[in-house]
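Data first, discussion second: the structure below is written as structure tokens.
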Amino acid sequence: MQWNEIDKTISKTFEFNSYLDGIDFVNEIANLAEQENHHPDIIIGYCKVTVSLTTHDAGEITEKDYRLAKLIDDLRV
């Protein structure tokens, strides 16, 4: 599944076998976000996590967003 671009944001929903698998994934994203100093919006649902990225100070999608999206995708490999 690819990242979707909507209203100056890229987003993607990831599915998991359990709620706690999703929570573990969110914690991994949090560590990446701190390392990159770029923090996504995250919605946690039952066995699903939706991640949205935009560069707020630029008011648009930037290379920071694409970089963090790639790093997040790499967590799932």
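Structure data summary
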| quantity | calculated |
| --- | --- |
| Selection from the range 48-66 of residues that are of a type outside the set (Ser, Thr, Tyr), exposed (fewer than 14 other Cβ atoms within 10 Å of the Cβ) and either touching a Leu at 6+ places or on another chain (Cβ under 7 Å) or within 15 Å of Lys12 (Cα to Cα) (or both) | Lys48 |
| Failed criterion for Ile6 (all others in (1) more than 16 Å from Leu75 (Cα to Cα); (2) among the aliphatic types (A, V, I, L, M); (3) modelled with pLDDT of 95 or more; (4) surrounded by fewer than 14 Cβ atoms within 10 Å (Cβ to Cβ) hold) | (3) |
| In the range 37-64, residue farthest from Asp7 (Cα to Cα) [restricted to those that are among the hydrophobic types (A, V, I, L, M, F, W, C) and over 9 Å from the mean Cα position of the chain (by Cα)] | Cys47 |
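The values are calculated or read from the model by the stated rules, or taken from the named source; none is laboratory data. Because the structure is a prediction, the values reported are computed rather than measured. Backbone-built Cβ (ideal geometry, glycine too); neighbour counts: all protein chains shown.
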